[in-house]
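Right, one structure below, let's go through it.
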Amino acid sequence: MKRHTPATIRRPFANYPHAVEVPAGMRLLVLSGQLGIAPDETVPQGAEAQAERCFANIAAILAEAGAGPGDVVRLNAYVTGREHLQGYMAARDRFVADPAPASTLMIVSGFSREEFVVEVEALAALP
C-alpha cells in the first residue's frame, strides 16, 4: 500500500497520511463502529480507556479475518467533546502500525448510550 501526503497541501495534524492507496487484488474488510464496551458489558470511564476498548475490539475483528493493525488503511473516530481528543489520540497512537492509516476524527453530540464518549470505525485491506 502506498501513502500519499502531497507537499503542496498542509501536513496532517497527527500521525496519518492524507491518503492510502490500496493495490488491485486486495480484499477490503469494513468494520462497523466499535464502542468502548467489553464482552461483560462493562464500559470503562474516560475517553482513553474507552478508546483502548474500541481498539481491542477492532484488533479482535481483524484477527478473526487473519489481519492486524498494519492492514488498517483508514480510521474514522468520533468523540463527544474536545476534552476527549487527547485521550483518544493516545490510545490511537498505541494501536496504529507504522506507517499509519488515513484518519478522520470528528466531534459528535452523542452515541446510543450516554456513557459512551468514543466510537471508532476501521477499513482494512487484506491480501
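The values are calculated or read from the model by the stated rules, or taken from the named source; none is laboratory data. The structure displayed is predicted, hence computed values, not measured ones. FYI the Cβ positions are ideal-geometry reconstructions off the backbone, even for glycines, and counts take in every protein chain you see. SASA here: full protein model, heavy atoms, side chains in, ligands and nucleic acids out. Shrake-Rupley method; radii C 1.70, N 1.55, O 1.52, S 1.80 Å.
For the residues Val79, Val108, Val117, Val96, the requirement of being hydrophobic (A, V, I, L, M, F, W, C) and farther than 18 Å from Gly46 by Cβ singles out Val96.
One line per residue, one yes/no per condition, for (1) in contact with a strand residue (DSSP E or B) (Cβ under 9 Å, 6 or more places away or on another chain); (2) modelled with pLDDT under 95:
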site: Arg3; (1), (2): yes, yes
site: Asn15; (1), (2): yes, yes
site: Glu21; (1), (2): yes, yes
site: Ile37; (1), (2): no, no
site: Pro44; (1), (2): no, no
site: Arg53; (1), (2): yes, no
site: Ala56; (1), (2): yes, no
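Scanning region 111-127 for residues that are open to solvent by 40 Å² or more (accessible area, probe 1.4 Å), part of a loop (DSSP other than H, G, I, E, B) and under 18 Å from Ser32 (Cβ atoms) yields Phe111, Ser112, Arg113.
State whether one or more residues within region 70-90 are modelled with pLDDT under 95 and over 19 Å from Lys2 (Cβ atoms). Within region 70-90 (the criterion being modelled with pLDDT under 95 and over 19 Å from Lys2 (Cβ atoms)), the answer is no, since none of the residues qualifies.
Can you tell me which residue in region 23-57 is farthest from Gln86 (Cα to Cα), limited to those that are among the β-branched types (Val, Ile, Thr) and in contact (Cβ under 8 Å) with a residue 60 or more places away in the chain? Applying the filter and picking the extreme gives Val30.
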